[in-house]
Amino acid sequence: MRQSQLLIPTLKEAPAGAEVASHQLMLRAGLIRQVAAGLYTWLPLGLRVIRRIEAIIREEMNRSGAQEVLMPVVQPAELWLESGRWEKMGPELARLVDRHERDFCLGPTHEEIITDLFRREVHSYRQLPCNFYQIQTKFRDEVRPRFGVMRAREFTMKDAYSFAADQAAFDATYREMHDCYSRILRRMQLDFRAVEADTGNIGGANSHEFHVLAESGEDTIAYASQGSYAANLERAVAAPPPPRPAPGESMSEVATPGMATIAEVAQFLEAPVRQCVKALAIRGEDNPILIILRGDHELNAIKAQKLPGVKRPLEFASEAEIRTATGASPGSIGPVGAQVPVFVDHEAAAVADFICGANRDGHHWVGVNWGRDLPLDESQLRDLRNVAVGDPAPNGQGELKFLKGIEVGHIFQLGDTYSQAMGATFLDREGKAGVPIMGCYGMGVTRLVAAVIEQHHDAAGLRWPEALAPFDAHLVALNYGKSESVREAADGLLAELSAAGIAVLLDDRPERPGVKFADADLLGVPSRIIIGERGLKQGCVEVRIGHGADLEQIAPTEVIARLR
RNA sequence: CGGGGCGUAGCGCAGUCUGGUAGCGCACUUGACUGGGGGUCAAGUGGUCGCAGGUUCAAAUCCUGCCGUCCCGACCA
């Protein structure tokens with residue numbers, strides 16, 4: 001294709017709003033333009049990349065035995081009422097009303113639609129297992145769209161839904177999809193990790209996320225320094241703490257005037273922070289609920305949200321609510337004598353002779369011991385904290401380390417959540433009704449474009465992996481407009497290479513060489529062919545086959561062989 | 001939704017504090033020169049200063065309200 005005929009509006013400077021590398025480069029290289037918050041137009045170059053990603057996904061999904069379908073973006077409320085998610089989803093689900101006053105939503109995902117299809121059309125165990133996928137537009141009214149297409153409101157997703165007659169059959173499909181995702185990401189030359197994850201809004205028992213490693217990633221991955229354990233921080237666990245030492249001190253109250261934070265209290269009492277225990281008050285259905293963590297630990301909101309009686313989404317209790325419930329301000333509350341439900345993190349429960357708020361302003365207890373000074377029932381024990389770098393790994397191998405990742409894929413074990421709720425069944429070998437076990441498998445196509453760029457760029461611009469580049473070769477024709485010989489050579493190569501099925505972009509614009517080179521570096525097409533009068537006089541063009549390769553002088557007739 | 005920032009030409013910005021009728025660089029158009037790493041010169045095009053209301057002889061500038069957008073926190077492919 002001719003560059004003069006394509007809209008590729010490159011920019012020297014990145015627009016002010018773009019912070020991360022991929023967003024800046026996507027704007028600068030003319031892949032996308034923003035329409036509104038979280039809504040983007042894909043320009044020709046960006047769309048070509050999307051198409052190549054989709055092609056790889058299709059190939060691998062088809063290879064895994066999945067069948068492609070296409071479901072509607074607009075979905076009737078009835079199905080969502082059946083699954084219970086019409087209420088559960090909240091404002092992220094964009095709702096609309098048609099001219100007949102019927103309720104609809106813009107599909108953020110398609111479990112309801114596919115389960116409805118299944119119950120209508122699939123009736124026999126002979127048709128199982130089966131796996132349906134689509135590549136389609138999703139809409140999620142994100143609280144905060146961010147980083148360009150990385151977190152957009154409207155985006156393209158490949159989503160798949162599997163149905164199996166029993167757990168063993170399901171497990172096989174799940175493993176196959178796990179492998180399939182790994183193949184897809186490897187073909188895109190991505191450095192990624194598959195990690196255990198929280199299931200969030202989709203529901204179900206277990207899930208794995210696929211993260212492309214990048215400093216700009218929004219997620220933190222915890223992994224064991226040895227062995228294979230890796231999990232999203234939302235879900236990551238550490239090895240259990242050693243048993244609690246026996247009490248060594250007696251409990252007494254000390255004045256801690258004006259001390260509100262753990263750090264202040266610890267310093268004032270000349271005790272290590274990990275000797276303190278902190279109490280966080282979160283909102284329960286009616287009363288606040290106290291969460292007890294070791295002083296140096298951080299609350300994990302996802303884990304806390306799963307506690308019985310906790311209001312979702314998780315909110316901290318207000319100062320007034322805390323005062324009403326405990327009689328003290330937030331800086332002085334503690335588990336001793338608490339009149340509200342108390343949940344204790346395993347690590348906090350393993351501390352002896354600890355320091356905690358006395359539920360009296362400006363006072364703390366020291367030398368406190370579980371069991372002796374306050375009750376601790378097994379039922380109160382939970383894992384409620386974020387693991388930290390250096391924690392012992394749960395697999396008993398080494399310690400935990402962190403990486404940042406971009407979640408590009410997420411596979412879920414749904415169990416029979418949806419099939420049960422929506423009455424999807426099949427007849428088994430004995431002629432009895434069975435409830436299919438489902439899985440669902442998402443992969444963010446447009447997000448992948450950003451993720452690929454995060455891993456494949458340099459100071460000058462993009463560096464597309466060959467499998468994803470919008471073009472295979474960039475023909476940079478110098479002085480194309482005025483030099484007859486350049487024009488002939490360039491047009492000839494364009495025709496020849498195109499006929500051979502090589503996607504070529506010919507820079508035939510009347511720009512100076514410097515501009516063309518700078519744009520070529522920005523666009524990041526893997527192979528480059530430079531055609532100039534200087535070389536042609538010696539019967540040569542210059543080629544660079546692949547990123548970072550050396551420039552070679554070869555005859556124009558040899559180009560096609562070198563590119564193959 | 002809470003906190004903060006920003007809205008002036010396609011992009012990046014100055015001008016706002018201290019009111020006086022809008023400017024710089026790049027881009028774009030035309031011409032000339034130039035022609036292997038964002039070239040030079042000349043002449044141009046392009047702006048309801050986010051929107052609405054108010055104060056004033058006069059508003060990009062002051063006041064009020066609204067909208068948009070970006071960043072930081074709770075959600076997710």
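Each reported figure results from applying straightforward, stated rules to the coordinates on display, with no laboratory input. All values reported here derive from a predicted model rather than from experimental measurement. Here the Cβ is made from the backbone with ideal geometry for all residues, glycine too, and neighbour counts use every protein chain on show.
Suppose the chain between A:Leu7 and A:Glu484 were pulled fully straight at 0.36 nm per residue; how much longer would it get relative to their current alpha carbon spacing?
169.2 nm
Efficiency by 1/(1 + (r/R0)^6): what FRET value for A:Ala246 and A:Ser318, r their Cβ-Cβ distance, R0 = 35 Å, to the nearest 0.05?
Step by step, r from the Cβ atoms, then E = 0.35.
Tell me, what is a quarter of the convex hull surface for the C-alpha atoms of region A:200-292, in nm² with one decimal?
11.5 nm²
Suppose we keep just the DSSP beta bridges with both residues in region A:324-436; what percent of those would be antiparallel, to 5?
65 percent
Roughly how tilted is helix A:513-523, in degrees to the nearest 10 and between 0 and 90, from the longest Cα axis of chain A?
So the inclination is approximately 40 degrees.
Working from the pairwise distances between different alpha carbons, so that the mean of 1/r is found and then inverted, what is region A:314-388's Kirkwood radius in Å?
13.2 Å
Which log10 I(q)/I(0) values, to two decimals, does region A:138-180 give at q = 0.15, 0.25, 0.29, 0.33 Å⁻¹ under the Debye formula with one point per Cα?
At q = 0.15, 0.25, 0.29, 0.33 Å⁻¹ the computed log10 ratios are -0.58, -0.80, -0.95, -1.14.
At a 10 angstrom cut-off on C-beta neighbours, averaged per residue, how do the peptides A:268-275, A:436-443 rank from highest to lowest?
Top to bottom by mean Cβ count within 10 Å: A:436-443, A:268-275.
Once you order the gyration tensor axes a ≥ b ≥ c over the Cα atoms, which shape class does region A:289-353 get: rounded for a/c under 1.5, otherwise prolate or oblate by comparing a/b with b/c?
Oblate, because a/c is 1.5 or more while a/b does not exceed b/c.
Give me, ordered by chain and number, the residues 5 or more places off A:Thr256 or on other chains with an amide H under 5 Å from its own placed amide H.
Correct list: A:His363, A:His364.
Starting from the eigenvalues of the Cα gyration tensor, five times each then square-rooted, give me the equivalent ellipsoid semi-axes of region A:147-256, largest first, whole Å.
38, 21, 16
Which of rounded, prolate or oblate describes region A:361-505 when judged by the alpha-carbon gyration tensor and an a/c cut-off of 1.5?
Cα axes put region A:361-505 in the oblate bin.
What ranking, highest mean first, results for peptides A:221-231, A:65-75, A:342-352 when packing means the other Cβ atoms within 10 Å averaged over each residue?
In decreasing order of mean packing, A:221-231, A:65-75, A:342-352 become A:342-352, A:221-231, A:65-75.
For the pair A:Asp286 and A:Glu101, what calculated FRET efficiency results from E = 1/(1 + (r/R0)^6), where r is the Cβ-Cβ distance and R0 = 25 Å, to the nearest 0.05?
0.10
With both partners inside region A:395-539, how many of the DSSP beta bridges are antiparallel, as a percent to the nearest 5?
55 percent
Just report the Cα centroid separation between region A:1-33 and region A:154-229, whole Å.
After rounding, the separation between the Cα centres reads 31 Å.
Run down the lysines and flag those whose C-alpha is under 30 Å from the C-alpha of A:Lys158, throwing out any fewer than 8 positions away in its chain.
A:Lys158 reaches A:Lys88, A:Lys138, A:Lys303, A:Lys306, A:Lys404.
Mind running the shape call on region A:29-136? Use the C-alpha gyration tensor, a ≥ b ≥ c as the square roots of the eigenvalues: rounded below 1.5 for a/c, prolate if a/b tops b/c, oblate otherwise.
Cα axes put region A:29-136 in the oblate bin.
Just the number, please: percent antiparallel of the DSSP beta bridges in chain A, rounded to the nearest 5.
So the antiparallel bridges in chain A amount to around 80 percent.
With angles folded into 0 to 90 degrees, how steeply does helix A:445-455 sit against the dominant principal axis of chain A? Use alpha carbons for both and round to 10.
90 degrees
Quick one: which residues, 5 or more positions from A:Gly284 or on another chain, have an amide H under 5 Å from its amide H? H modelled 1.01 Å from N in the peptide plane, none for Pro or chain starts.
Excluding prolines and chain starts, which carry no amide H, the hits are A:Ile289, A:Lys311.
Can you give the percent of C-alpha pairs in region A:1-90 whose distance is more than 19 Å?
63 percent
Pulled fully out, how much extra length does the chain show between A:Asp219 and A:Arg175, if you take 0.36 nm times their separation in residues and subtract their Cα-Cα distance?
Separation in residues times 0.36 nm, less the Cα-Cα distance, equals 13.5 nm.
With label points built 7 Å along Cα→Cβ from the Cα atoms of A:Asp416 and A:Ala460, find their separation and express it in nm.
6.1 nm
If you line up the long axis of helix A:167-187 against the longest principal axis of chain A, both from Cα atoms, how many degrees apart are they, to the nearest 10?
50 degrees
Counting C-alpha atoms alone, how compact is chain A: give Rg to one decimal and Dmax as a whole number, in angstrom.
When restricted to Cα atoms, chain A yields Rg and Dmax of 29.5, 96 Å.
Evaluate the Kirkwood expression for the hydrodynamic radius of region A:451-548, namely the inverse of the mean inverse distance over all pairs of different C-alpha atoms, and round to one decimal in Å.
Kirkwood hydrodynamic radius for region A:451-548: 13.7 Å.
Find out how many positive minus negative residues lie around A:Ser250, taking Lys and Arg as positive, Asp and Glu as negative, among other residues whose Cβ is under 13 Å from that of A:Ser250.
Residues near A:Ser250 contribute -3 overall.
Calculate, in nm to one decimal, what A:Val435 and A:Arg274 gain on full extension: separation in residues at 0.36 nm each, minus their alpha carbon distance.
In short, 53.0 nm is gained.
What percent do you get for the relative contact order of region A:32-106 when only Cα pairs under 8 Å and 6+ apart count?
In percent, rounded to a whole number, it is 20.
Around A:Phe139, under 10 Å between beta carbons, what's the net of Lys plus Arg minus Asp minus Glu among the other residues?
Net local charge, A:Phe139 excluded: -1.
Would you please give the residues with an amide H less than 5 Å from that of A:Asn300, counting only those at least 5 places away or on a separate chain, with H modeled from the backbone geometry?
Sorted by chain and number, the residues that satisfy this are A:Arg385, A:Asn386.
Send over the Kirkwood Rh of region A:250-343, from the inverse of the averaged 1/r over different Cα pairs, rounded to one decimal Å.
Hydrodynamic radius (Kirkwood, Cα only) of region A:250-343 equals 13.9 Å.
Among residues other than A:Phe426 whose Cβ falls under 14 Å from its Cβ, what is the net charge (Lys/Arg +1, Asp/Glu -1)?
0
What order do you get for A:96-106, A:163-173 when each peptide is scored by the mean count of other beta carbon atoms within 10 Å, highest first?
A:163-173, A:96-106
Provide the FRET efficiency to the nearest 0.05 for the A:Val143-A:Asn206 pair, computing r from the beta carbons and using R0 = 22 Å.
Plugging the Cβ-Cβ distance into 1/(1 + (r/R0)^6) gives 0.25.
Sticking with the crude label model, points 7 Å out along Cα→Cβ, report the distance from A:Ala94 to A:Ser182 in nm, one decimal please.
3.7 nm
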